[in-house]
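Taking it in order: structure first as structure tokens, then the write-up.
Readers should treat all values here as calculations from the given coordinates under stated rules, not as data from a laboratory. Here the structure is a predicted model, which is why all the values come from computation and not from measurement. Cβ sites come from the backbone with ideal geometry, for glycine too, and all protein chains shown count toward neighbours.
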Amino acid sequence: MNTTNGDLATSEKMEAGERKILIVDDNLEFAKTIARNLEKEGFRVFIAPDGSTAIQKVSSESPELVLLDLKLPDIAGMDALKRIKAINEDTAIVIITAYGGEQVAVDFMKAGVIDFLSKPFTFEDLLTAVKNAFKIHDAQVDDKRYERFPHLEKFFPFLAHEIRNPLHAIGGALAIIQRRSDSKDELLNQSIEVIQEEVQHLNEFVQECLDFVRPPSRSRFVEVDINEVISFIVDTMPHRFQELCRKIRITADLVPELPKVYANYDEIKQAFLNIVRNAFEAMAEGGEFVVKTSFKSDPAPGGVEIVFVDHGIGMKEENLQFLFHPFFTTKPRGTGLGLAICQRIIVERHRGKIRVQSEEGKGTTVTVELPVEMPKDIS
Ligand code: ADP
Ligand code: MG
């Protein structure tokens, strides 16, 4: 059985143990006290007593967060900050100092500082600032992933606009032709049908292009009952694929009392629809389609697993590596965006997993896992 998975971009990085913090302060007693406390929380902590050591440590240890004192013995705080950012612009910086008025704070904010802590502060204040800084850092790094196709991100909305307007006009004109035409003219009727199908195909193509580049919407995460999403899709399949559905037997095996997941409902529905659509397209000759849900408690706090099984044409082994690439398709009229969109939604936006197993001539199994808890790095 051939297997591939779409979680190339998965990063299980929120564990504190893997997170590195650099404290830059010439007051070593103070730095060591904070370091000890942060280590108790599970962070890996480094200390630099001056600017030049700090810059070396940023290069050698790649800390994700730097707690920076502005008064350093060798270089000015702003210089240290700029040089740290030049090494890795994703490094999150929180200033810890007694020094500085509001104007200074504004300048530092502009230079990319996330937060300011004025000495003296409690460890609780520090921990809150540290956690918040990691959250912002992760969100920023995450957003960059969507810039992987910067040209498409600009081009698709433009393309969509240019195509959609004429399509609406064609659709409208066609409706008039249809009303006025002689319904007994079979060739004319068939021609109208061809135009309708082509218009629909283009509309779907444009929609897929837009779905692929749509920016993530963190605010739309809600509690979602996956069984309900699956039931909705299964119930609407006959309507969506009238021809195919007559030949395909659908079985839904949904475990009762499935915990809810935190997800963007519309996106998850769309990802599942893309998977089911592929399964149906692979079973043009008919067959059985099974979808199962279950709860996996390990690793805690667990996740919901959804398995889609078709007995369609399957895939060639050499194609598996390309499945999640945008525009990879083996269909004469495919866009190759369906699974690329699934990968974006499930892996990048929900920190889930998607795995495909397939055998040519036998069928395909697509397994999706979604964490029950809202991923910590999605706010
Ligand atoms: P499209 O459906 O437009 O071709 P997708 O990204 O949805 O684009 O799928 C990419 C390719 O993956 C398909 O062209 C097909 O070769 C293969 N594929 C996906 N799902 C299945 C499946 N259930 N059975 C067989 N092949 C599949
Ligand atoms: Mg598809």
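Assorted remarks:
- Comparing 114, 195, 95 in a Gaussian network model of the chain, where Cα atoms under 10 Å apart are tied by springs, the biggest mean-square fluctuation is seen for 195.
- Site-free segments of the chain were taken between GluC sites (Glu not before Pro) in DSSP loops having at most 16 other Cβ atoms within 10 Å, sites themselves excluded; the longest one is 90-256.
- Each of residue 316 and residue 178 was given a label point 7 Å from its Cα along the Cα-to-Cβ line. The distance between the two points is 3.9 nm.
- Using a Gaussian network model of the chain in which every pair of alpha carbons under 10 angstrom is joined by a spring, one finds that among 38, 72, 174 the greatest mean-square fluctuation is at 174.
- Acute angle (nearest 10 degrees) that the helix 226-240 long axis makes with the longest principal axis of the chain, alpha-carbon atoms: 30
- Whole-number percent relative contact order across the range 13-213, with pairs defined as alpha carbons under 8 Å at least 6 apart: 15
- Plainly put, the range 218-371 has a radius of gyration that is 0.95 times its Kirkwood radius, both from alpha-carbon atoms, as the Rg/Rh ratio.
- Residues residue 30 and residue 253, FRET efficiency given R0 of 56 Å [Cβ-Cβ distance, rounded to 0.05]: 0.40
- DSSP bridge pairs, the chain: antiparallel proportion in percent, nearest 5: 55
- Amide H contacts of residue 264 (H built 1.01 Å from N, under 5 Å, at least 5 apart or other chain): 222
- Size descriptors for the range 120-221 (Cα atoms only): Rg and Dmax, in that order, 24.7, 88 Å.
- Taking 0.36 nm per residue of sequence separation and removing the Cα-Cα distance, the residue 155/residue 243 pair yields an extension gain of 28.3 nm.
- In this structure the amide hydrogen of residue 19, modeled in the peptide plane, comes within under 5 Å of the amide hydrogens of 44, none closer than 5 places in sequence on its chain.
- Comparing 191, 52, 231 in a Gaussian network model of the chain where C-alpha atoms under 10 Å apart are linked, the largest mean-square fluctuation is found at 191.
- Helix axis angle, 77-87 relative to the chain longest principal axis, alpha carbon, degrees: 40
- Inter-part distance where the range 182-232 and the range 262-295 are each reduced to a Cα centre, Å: 15
- For the chain, the longest principal axis of the Cα atoms and the long axis of helix 123-145 meet at an angle of about 40 degrees.
- FRET efficiency for the pair residue 162 and residue 197, taken as 1/(1 + (r/R0)^6) with r the Cβ-Cβ distance and R0 = 25 Å, rounds to 0.75.
- Restriction of the trypsin sites (Lys or Arg not before Pro) in the range 321-363 to DSSP coil positions whose beta-carbon has at most 16 other beta-carbons within 10 angstrom yields 333, 362.
- Measuring nothing but how far apart in sequence close Cα pairs (under 8 Å, 6+ apart) lie, relative to its length, the range 218-371 scores a relative contact order of 23 percent.
- Using only Cα coordinates, the Kirkwood hydrodynamic radius of the range 13-213 works out to 21.0 Å.
- Annotation: the range 280-321 has a Kirkwood hydrodynamic radius of 12.5 angstrom, from the mean reciprocal C-alpha pair distance.
- Per residue, the convex hull spanned by the Cα atoms of the chain measures out at 178 cubic angstrom.
- Only Cα pairs under 8 Å and 6+ residues apart enter the sum, and on that basis the relative contact order of the chain stands at 16 percent.
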